[in-house]
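Student: To start, I am sharing the structure in question, which I have written as structure tokens.
The values are calculated or read from the model by the stated rules, or taken from the named source; none is laboratory data. All figures in this text were calculated on a predicted structure; none of them were measured in a lab. Glycine gets a Cβ as well: all are built from the backbone with ideal geometry, and neighbour counts include every protein chain shown. Keep in mind that these areas ignore ligands, DNA and RNA; they rest on the heavy atoms of the full protein, side chains included. Shrake-Rupley method; radii C 1.70, N 1.55, O 1.52, S 1.80 Å.
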Amino acid sequence: MTDASIHLKAETEVALAAASDLRAWDAVRVSVLGKAGRLTALLKELGRLPPEVRRERGVGLNRLRDELTAAIEARRQALDAAALDARLAAERIDPTLPPRPRPAGLIHPISRTADEIIAIFGAMGFSVAEGPDVETDWHNFGALNIPGHHPARADHDTFYLPAIGDAPPPVLRTHTSPVQIRTMLEQAPPIRVIAMGRTYRADHDATHSPMFHQCEGLVIDRAITLGHLKGCVTDFLRAFFGLSGLPVRFRASYFPFTEPSMEVDIGWNRRTGELGGGGDWLEILGSGMVHPRVLANCGIDPRQWQGFAFGMGVERITMLKGNIADLRPFFDSDIRWLRHHGANPLAPATLHERA
Ligand code: DAH
């Protein structure tokens, strides 16, 4: 080996050892093997040597090139391995650390009840219908057989909105019954829907809120009877409250949009508030056979089709099921109340035992 070769080998080894990252390593590689590198320069000199020296020098330089190439490659592998080790050390998971607190959301009791109602009626073959919160006077009252002079209007404490033109002022719907009208106008019978949503009345105390929720049911077919209504509503109430023996009573009543009309009561104990037997009755929903005039208002021939409808307050049944005394906190967004009454989102709404 020539002096130049010996120096090059020693200095490259030192430089490689000092190269602590890939950039420094690459600089060393280029300075030796690159176009203007030191080994390249030595190889270029070969051509200018007399033939007798050239052969031997050539063999030596080729060996040197192999050695340097191998040393450079080895250093790169060492640097790669060190980088991987450093990453593994930095990203190591310590399973003994306490978990970070993850705030879990809860389902609002109203949403929970809505899910349960839909699950129960869904299993009975109902689908969900929707309508707007701002209704025309006709959808909310007129088509439901509640004309302008009707005394039932006074019971509804209606929020009226500014009139547009000569039409009666639009209203915030006072019940979900207008969704019956919209469904019958849009869908040909047979019909089997529930409608759930916000309703509005100018009323505010421990059991009334100016905005509340109702759930409406509507079934129209050729041979639907009062017996179907009673069976359907009874099944629903027993499933919802999870009491297969819940007493259910149908009491003659009056609604302008049904004939005959019935109020539905469930058994409870007035003293303890417990549902079931107990000898007392609690009014829970309104129902009846859809009035022939309502069918006709929606273009459905009452001589061919008939059916039943019912309506109930979603807060009311939620309060009864969850033993909640006051309606106002439902809409106060008090996080403590919501934590207490909220439902675990991972526990799906279940179908309770059916009677
Ligand atoms: N719309 C009535 C209310 O808000 C409830 C109701 C009663 C709905 C009887 C019905 C029904 O569909 O048939 O008080």
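Student: Does ALA123 count as surrounded by 20 or more Cβ atoms within 10 Å (Cβ to Cβ) and aliphatic (A, V, I, L, M)? Outline the logic, then answer.
Tutor: On the way: surrounded by 20 or more Cβ atoms within 10 Å (Cβ to Cβ): no; aliphatic (A, V, I, L, M): yes.
Criteria not met by ALA123.
Student: With surrounded by 10 or more Cβ atoms within 10 Å (Cβ to Cβ), in contact with a Phe, Trp or Tyr (Cβ under 9 Å, 6 or more places away or on another chain) and of a type outside the set (Val, Ile, Thr) as the only criterion, which of ARG153, ARG182, ARG112 stands out? It would help to see each step written out before you state the result.
Tutor: Values: ARG182 fails: in contact with a Phe, Trp or Tyr (Cβ under 9 Å, 6 or more places away or on another chain); ARG112 fails: in contact with a Phe, Trp or Tyr (Cβ under 9 Å, 6 or more places away or on another chain).
It is ARG153.
Student: Scan segment 194-204 and give yes if some residue there is under 16 Å from ALA309 (Cα atoms), loosely packed, with under 14 Cβ neighbours inside 10 Å and away from the ligand (no atom under 12 Å from the Cβ), otherwise no.
Tutor: For segment 194-204, residues under 16 Å from ALA309 (Cα atoms), loosely packed, with under 14 Cβ neighbours inside 10 Å and away from the ligand (no atom under 12 Å from the Cβ): absent.
Student: Could I ask something else about it? Every residue in segment 1-41 that is of a type in the set (Val, Ile, Thr) and more than 60 Å from the chain's Cα centre (by Cα), please. Give the steps one after another, and end with the answer.
Tutor: As a first pass, look at segment 1-41 and keep what is of a type in the set (Val, Ile, Thr): 2, 6, 12, 14, 28, 30, 32, 40.
Residues satisfying the conditions are THR2, ILE6, THR12, VAL14, VAL32, THR40.
Student: Could you count how many residues in segment 265-324 are within 33 Å of the chain's Cα centre (by Cα), away from the ligand (no atom under 15 Å from the Cβ) and either outside the structural domain of PRO247 (by TED's automatic domain parsing) or of a type outside the set (S, T, N, Q) (or both)?
Tutor: Within segment 265-324, residues that are within 33 Å of the chain's Cα centre (by Cα), away from the ligand (no atom under 15 Å from the Cβ) and either outside the structural domain of PRO247 (by TED's automatic domain parsing) or of a type outside the set (S, T, N, Q) (or both) number 8.
Student: Among the numbered criteria (1) part of a helix (DSSP H, G or I); (2) within 16 Å of the ligand (Cβ to nearest atom), which single criterion is violated by ARG238?
Tutor: (2)
Student: Tell me the helices (runs of 4 or more DSSP H) entirely within segment 84-191 that contain at least 3 residues that are within 16 Å of the ligand (Cβ to nearest atom) and over 19 Å from LEU285 (Cα atoms). Steps first, answer last, please.
Tutor: On the way: elements: 109-123, 137-140, 152-155, 177-186.
Hits in segment 84-191: 137-140, 177-186.
Student: Separate question: Can you tell me which of LEU285, LEU320 is open to solvent by 20 Å² or more (accessible area, probe 1.4 Å) and either closer than 18 Å to THR234 by Cβ or hydrophobic (A, V, I, L, M, F, W, C) (or both)?
Tutor: Numbers: LEU285 fails: open to solvent by 20 Å² or more (accessible area, probe 1.4 Å).
Answer to the selection: LEU320.
Student: Filter segment 205-235 down to residues that are of a type in the set (D, E, K, R) and assigned to a strand (DSSP E or B) and give me whichever is surrounded by the most Cβ atoms within 10 Å (Cβ to Cβ). Outline the logic, then answer.
Tutor: Taking segment 205-235 and keeping what is of a type in the set (D, E, K, R), we get 205, 216, 221-222, 230, 235.
From what's left, assigned to a strand (DSSP E or B): 205, 216, 221.
Details: ASP205: 9, GLU216: 25, ASP221: 14.
Out of the qualifying residues, it is GLU216.
Student: Among the listed residues GLU52, GLU67, identify the single one that is of a type in the set (Asp, Glu), over 30 Å from PRO345 (Cα atoms), assigned to a helix (DSSP H, G or I) and in contact (Cβ under 8 Å) with a residue 12 or more places away in the chain. Before the answer, list the steps.
Tutor: On the way: GLU52 fails: in contact (Cβ under 8 Å) with a residue 12 or more places away in the chain.
Of GLU52, GLU67, the one residue that is of a type in the set (Asp, Glu), over 30 Å from PRO345 (Cα atoms), assigned to a helix (DSSP H, G or I) and in contact (Cβ under 8 Å) with a residue 12 or more places away in the chain is GLU67.
Student: Please determine whether any residue of segment 91-104 is open to solvent by 60 Å² or more (accessible area, probe 1.4 Å), touching a His at 6+ places or on another chain (Cβ under 9 Å) and under 30 Å from GLY313 (Cα atoms). Lay out the reasoning, then the answer.
Tutor: Kept after step one, since they are open to solvent by 60 Å² or more (accessible area, probe 1.4 Å), are these residues of segment 91-104: 91-104.
Among the residues that remain, those that are also touching a His at 6+ places or on another chain (Cβ under 9 Å) are: none.
No, every residue in segment 91-104 fails to be open to solvent by 60 Å² or more (accessible area, probe 1.4 Å), touching a His at 6+ places or on another chain (Cβ under 9 Å) and under 30 Å from GLY313 (Cα atoms).
Student: For LEU275, work out the one condition from (1) surrounded by 15 or more Cβ atoms within 10 Å (Cβ to Cβ); (2) closer than 21 Å to GLY142 by Cβ it doesn't fulfil.
Tutor: Result: LEU275 passes all but (2).
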